[in-house]
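Here is the structure we will look at.
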């Protein structure tokens, strides 16, 4: 069975390529000419140049494909213009859906995010399941979230019209090799000998290793029962953010001197760093910005029981094992720079 993976140089996309090839699928990865494809070259996947923003580049990549795994998106929450998110995440998904339908692709797996549930997954004691409304609204801090919602809506429209069979996964916080968000930030944050946590809040997070996310994506894309369904990628129990940081410190060889600082001080400092980055017209999302401090105070609480009940999915990588694997990869990656 032939598959196409978009976003194959990212955290979830690269894990998908690895998992699919290990399971015997014929894997084709869509890559841009500017992408770092050094890792993909080691996987045995067929590499095809193209871009979801460029419709004309997609039909050749989809020739003979049975299943599309769409993980490509602009993944810089809280950073960038709406036009950038709309072009990459929304229009890119629409382009890929259209080209996939015209190529007679049978199944389409959309990789989405818990952020479409905003604000319901951010408050309350009960983890949010798939029946919760996707109620995120458009604003400067929610460009990523809203773009993901519009991409979802495009997918469901194609599915309802019978153009292609869609399944979807909504990820809490995926981490692993090539992660540019939670693992990258926590790793850098706890690399200092003194770790000062902003405020006293210790939010719950649906932290899942990228290889487990890939397993769920494959189950959702290949199981008949999953057609037309969305599944949360979340562990049986939420993980406290400080517990994730402690596991990272342990994997790095710890210990660290730990303390707290007033949240207001940390927030002002991050706003200042964000302002400087914008004045310098920095394109890459800075390590310290409003988003990076806000996520350390807000919950990401998902219920993943539907995937376990209907697809038999179970996360296999523990936080201790996953952070150990991440630290090993990160150190090897940094040495190669």
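General remarks:
- For the chain, built as a Gaussian network whose Cα springs stay under 10 Å, the top-fluctuating residue of 35, 112, 243: 35
- log₁₀ of I(q)/I(0) at q = 0.09, 0.14, 0.20, 0.21 Å⁻¹ - the stretch 178-337, Debye sum with one point per alpha carbon: -0.36, -0.83, -1.30, -1.36
- From the coordinates of this entry, volume of the Cα convex hull per residue in Å³ is computed, and it appears in (i) 145; (ii) 164; (iii) 132 under the label (iii).
- For the chain, share of DSSP beta bridges that run antiparallel, in % to the nearest 5: 5 percent
- Here each label is just a point 7 Å from Cα along the line to Cβ, and for residue 250 and residue 264 those points are 3.6 nm apart.
- The stretch 1-106 pair-distance distribution - Cα-Cα, 10 Å bins, rounded %: 16, 50, 30, 5
- Spin-label model, residue 308 to residue 282: label points 7 Å out along the Cα-to-beta-carbon direction sit 4.0 nm apart.
- Rounded, prolate or oblate (a/c below 1.5 giving rounded, otherwise prolate when a/b exceeds b/c) for the stretch 242-289 by Cα gyration tensor: oblate
- Using the Cβ-Cβ distance between residue 46 and residue 329 with R0 set to 30 Å, the FRET efficiency works out to roughly 0.80.
- Residues residue 184 and residue 161, FRET efficiency given R0 of 41 Å [Cβ-Cβ distance, rounded to 0.05]: 0.60
- Kirkwood-based shape ratio for the stretch 108-168, expressed as Rg/Rh from alpha carbons: 1.01
- Nearest-ten-degree value, helix 319-336 long axis tilted from longest Cα axis of the chain: 90 degrees
- Sequence-separation-based contact order of the chain, relative, with Cα cut under 8 Å and 6+ spacing, percent: 18 percent
- For the stretch 150-226, the Cα gyration tensor yields ellipsoid semi-axes of 36, 14, 11 Å (square root of five times each eigenvalue, largest first, whole Å).
Readers should treat all values here as calculations from the given coordinates under stated rules, not as data from a laboratory. Remember, it's a predicted structure, so these values are computed and weren't measured experimentally. Please note: Cβ atoms are built from the backbone with ideal geometry, for glycine as well, and neighbour counts cover all protein chains shown.
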